[in-house]
Amino acid sequence: MKHITMDITDVLSSTIGDEGIDGTSLREVASKINEFKKSLYKTPYPFMDFQLIRSHLGDIHEITKSLGELKIKNLVLLGIGGSSLGTETIFHALLHPLHNIEEDARGKKPRYFILDNIDPVRIKSVVELVKRDKEETLLIVISKSGETPETMSQFMIFKEILKSSKDYKKRIVIITDKNKGMLREIVKKEGYPSLPVPEGIGGRFSVLTPVGMFPSSVMGLNIEEIINGAQAMSEHIDKADYRKNLAVVLASILYIMDMKGKHIHVMMPYCEKLNAFADWFRQLEAESLGKKGMGPTPLKSTGVTDQHSQLQLYIDGPKDKCITFLYCGGITQPIPNSIPYIDGLDYLGAKDMAELFHAEFLGTRRSLTEAKTPHLTITLNEVSLFNIGALFFLYEMVIAFMGFMYNVDAFDQPAVELGKIYTKAIMGKKGLEDKRLTIEKELKEKRSVIEF
Ligand code: PA5
């Protein structure tokens, strides 16, 4: 079986009528994207530059090796958005589901805590854990800007704890811009090991750089294989005919669907290991394309769980959705015939959970086809390092192509920046007094509230 297969039958008008895409529109958009692709491969975006990506591997391995002599029991990653979602995706896909809970499941690898939020409840619990294990905790601080308040405040907390432990400077690794930002200034002053977020590669496109590869390397994952998968996908996108080109066809479908009023793009893995991939995709699509009053709304669902939560809406609700299923079979779990005296359970007894999972997946797809809700399926032959790398790169390219179609800059996030400025103003950052006054005034004004 091929590594990755995409079945688009159920987005086509030949299957679902007017709710689907006709061959002519698909070809028109795909050939436009294909022309753009050709020019892009002549002058690639930095995230497509595999020489650049591989150039950091030596330093990643060296720092990982230097950690070998320290006993690392906990990996605490501080970072938010593009600085953490890629690692979360890799760990979720490739580590044992009980990694943090069972020693046998994780072997000699550290437990991991990815702090992508600052809710004090969660922070406090990890603070307590790190206080207990401070000699055995590795802190990885990731921020491209080196200034994000969530990450910086977390760093201030954990540095204070670690600084009274032996060799703590070897156990704080900082990944940030090579030249700019406060974190870089701190690296220079305090001398922590550090790796760069390469120039021109923004957070959500940075998973293949030290941002995602260093934590993966510490976890003992073969990062070369992730990058090999991504590069093989890049070669496919570069070379394959546009009608058989995964990225060109997928970008065309998602774009046309949005134009046809299917503004909600659901990603629904039938494969728990790929659940976090849907979170990563959600950020990539939303933050890259949500601009100038345009952009599809990505939504995450989980198969089969959300059959009992969302599926009613997808089938019988507004016709504003296009669903991408991610599927990967594999592991089996027999269902013993342990309740033989109930006739109605005989169709489950002595079968396998994988069969039931697959049947539910096929059943869901069939019901959506009958309801004329467009959907496509991306099947992985296995959840492997190689395939995860390929999937990351596929979607990065899809979003870059869609950015071209919407005519927006897929790589900035001005609206997010504004929120960051207001946060800093409220917290009293110098130079932002006018913004602080705006908010204070607004809070004093009469507000429409309803009370209980
Ligand atoms: O994709 C992006 O650029 C953002 O999600 C950032 O990763 C996020 O805002 C965190 O920024 P930084 O890495 O500068 O701390």
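The values are calculated or read from the model by the stated rules, or taken from the named source; none is laboratory data. Small disclaimer: the values here were computed from a predicted structure and weren't measured. Don't worry about glycine lacking a Cβ; one is built from the backbone with ideal geometry, like all the others, and counts go over all protein chains shown. Keep in mind that these areas ignore ligands, DNA and RNA; they rest on the heavy atoms of the full protein, side chains included. Shrake-Rupley method; radii C 1.70, N 1.55, O 1.52, S 1.80 Å.
The residue that is farthest from the ligand (Cβ to nearest atom), counting only those in the range 148-172 that are crowded, with 19+ Cβ neighbours inside 10 Å and either outside the structural domain of Ile201 (by TED's automatic domain parsing) or not in a helix (DSSP H, G or I) (or both), is Ile172.
Which residue, of Ile123, Ile142, is hydrophobic (A, V, I, L, M, F, W, C) and more than 16 Å from the ligand (Cβ to nearest atom)? Explain how you work it out, then say what you get.
Numbers: Ile142 fails: more than 16 Å from the ligand (Cβ to nearest atom).
Just one listed residue meets the conditions, Ile123.
Among the residues of the range 93-128, those identified as touching a residue at least 40 places away in the same chain (Cβ under 8 Å) and either surrounded by 16 or more Cβ atoms within 10 Å (Cβ to Cβ) or touching a Lys or Arg at 6+ places or on another chain (Cβ under 7 Å) (or both) are Ala93, Leu94, Leu95, Lys109, Pro110, Tyr112, Val126. So for the range 130-137 (the condition being surrounded by 17 or more Cβ atoms within 10 Å (Cβ to Cβ), within 16 Å of the ligand (Cβ to nearest atom) and part of a strand (DSSP E or B)), does at least one residue qualify? No: zero hits.
Table: residues versus (1) buried (at least 23 other Cβ atoms within 10 Å of the Cβ); (2) modelled with pLDDT of 95 or more; (3) hydrophobic (A, V, I, L, M, F, W, C).
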| position | (1), (2), (3) |
| --- | --- |
| Val248 | yes, yes, yes |
| Ser252 | yes, yes, no |
| Met259 | no, yes, yes |
| Lys262 | yes, yes, no |
| Met267 | yes, yes, yes |
| Phe277 | yes, yes, yes |
| Trp280 | yes, yes, yes |
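Could we say that Ile421 is open to solvent by less than 10 Å² (accessible area, probe 1.4 Å), assigned to a helix (DSSP H, G or I) and either in contact (Cβ under 8 Å) with a residue 12 or more places away in the chain or of a type outside the set (A, V, I, L, M, F, W, C) (or both) here? So Ile421 fails the test.
Can you find a residue that is surrounded by 21 or more Cβ atoms within 10 Å (Cβ to Cβ), assigned by TED's automatic domain parsing to the domain that holds Asp116 and within 30 Å of His96 (Cα to Cα) anywhere in the range 175-185? Among the residues of the range 175-185, at least one is surrounded by 21 or more Cβ atoms within 10 Å (Cβ to Cβ), assigned by TED's automatic domain parsing to the domain that holds Asp116 and within 30 Å of His96 (Cα to Cα), which makes the answer yes.
Quick grid of which residues meet (1) more than 22 Å from Gly200 (Cα to Cα); (2) within 16 Å of the ligand (Cβ to nearest atom):
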{"site": "Ile399", "(1), (2)": "no, yes"}
{"site": "Phe404", "(1), (2)": "no, no"}
{"site": "Asp409", "(1), (2)": "no, yes"}
{"site": "Lys424", "(1), (2)": "yes, yes"}
{"site": "Lys429", "(1), (2)": "yes, yes"}
{"site": "Glu433", "(1), (2)": "yes, no"}
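Screening Pro318, Pro334 for residues that are open to solvent by 70 Å² or more (accessible area, probe 1.4 Å), closer than 22 Å to Leu12 by Cβ and assigned by TED's automatic domain parsing to the domain that holds Lys262 leaves exactly one candidate, Pro318. No other residue among Thr43, Thr64 is out of contact with any Asp or Glu (no Cβ under 9 Å at 6 or more places or on another chain), modelled with pLDDT of 95 or more and open to solvent by 60 Å² or more (accessible area, probe 1.4 Å) apart from Thr43.
What number of residues within the range 11-27 satisfy the criterion of being open to solvent by less than 60 Å² (accessible area, probe 1.4 Å), in a helix (DSSP H, G or I) and within 16 Å of Ala251 (Cα to Cα)?
Filtering the range 11-27 for residues open to solvent by less than 60 Å² (accessible area, probe 1.4 Å) gives 11-13, 15-17, 19-21, 23, 25-26.
Next cut, in a helix (DSSP H, G or I) only: 11, 13, 15-17, 19, 23, 25-26.
Going one step further and asking which of them are within 16 Å of Ala251 (Cα to Cα), we end up with 11, 23, 25-26.
Count: 4.
Residue by residue, here is whether (1) within 16 Å of Leu326 (Cβ to Cβ); (2) in contact (Cβ under 8 Å) with a residue 12 or more places away in the chain; (3) outside any helix (DSSP H, G or I); (4) not assigned by TED's automatic domain parsing to the domain that holds Asp22 holds:
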| site | (1), (2), (3), (4) |
| --- | --- |
| Val248 | no, yes, no, no |
| Gly261 | no, yes, yes, no |
| His265 | yes, yes, yes, no |
| Met268 | yes, yes, yes, no |
| Asp279 | yes, yes, no, no |
| Glu287 | no, yes, no, no |
| Lys292 | no, yes, yes, no |
| Gly295 | no, yes, yes, no |
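Provide a single number: the residues in the range 50-80 that are assigned to a loop (DSSP other than H, G, I, E, B) and either among the basic types (Lys, Arg) or assigned by TED's automatic domain parsing to the domain that holds Trp280 (or both). The total comes to 2. Of all the listed residues (Leu376, Leu356), the sole one being part of a strand (DSSP E or B), in the same structural domain as Met294 (by TED's automatic domain parsing) and surrounded by 13 or more Cβ atoms within 10 Å (Cβ to Cβ) is Leu376.
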